[in-house]
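Data first, discussion second: the structure below is written as structure tokens.
Just so it is clear, none of the values below were taken in a lab; they were calculated from the coordinates. Since the structure is predicted, the reported quantities are computational estimates derived from the model, not experimental observations. In this analysis, Cβ positions are derived from the backbone assuming ideal geometry, glycine residues included, and neighbour counts consider all displayed protein chains.
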Amino acid sequence: MTEITYTRQGDYNLSDLKLPEQKPREIGIWGQRRRRYLKEHHKILYYNLLTSCKLHDHLADVNEEAEEMYSRLVKQFVEHEGVTEQLKAENQMLWVQHINNIRNRAADIVNHEMIYV
């Protein structure tokens, strides 16, 4: 059984609360977008995850899954549309247009399927 300690603040004794140790995990752009979405549109879920110390793990998991999905989609679109290194060598601007279009579509799909749900 752990002993509860208190700190005196003025006329009040406040318990010394500490969050459990968590291993550091990266929360990239996808995790940040998810956090912002939850905080603005699903406040109850956001605060439930926050107070149960599960928010960081949730955001890190979403970030990892979204990054994998994004990479897979970009690769599939590149293969399907025939955007090759030969095109890059012959016409760089056209290649950049295609790649940017593919990345934007993949980001939209990831946002719709994983972030803003």
Mean ellipticity per residue at 222 nm, deg cm²/dmol - from DSSP H runs of n ≥ 4 across the chain, formula -39500 (n - 2.57): -20500 deg cm²/dmol
Quick one: among 52, 71, 15, which has the greatest mean-square fluctuation in a GNM of the chain with alpha-carbon springs under 10 angstrom? 15
To the nearest 20 debye, what is the magnitude of the charge dipole of region 23-115 about its Cα centre, counting +1 on the Cβ of each Lys and Arg and -1 on the Cβ of each Asp and Glu? 520 debye
Residue separation between residue 37 and residue 15 times 0.36 nm, minus their alpha-carbon distance, gives in nm 4.7 nm
Structure-derived volume of the Cα convex hull per residue in Å³: which label, when the choices are (i) 90; (ii) 98; (iii) 165: (iii)
Going by alpha carbons, how many degrees (0 to 90, nearest 10) lie between the helix axis of 29-41 and the longest principal axis of the chain? 60 degrees
Could you list 4, 109, 102 in order of exposure, starting from the residue whose Cβ has the fewest other Cβ atoms within 10 Å? 4, 109, 102
Within the chain, which is the longest segment that contains none of the GluC sites (Glu not before Pro) sitting in a DSSP loop with at most 16 other Cβ atoms within 10 Å? 27-117
Taking N as the number of residues in region 1-41, what is its alpha-carbon radius of gyration divided by 2.2 N^0.38 Å? 1.92
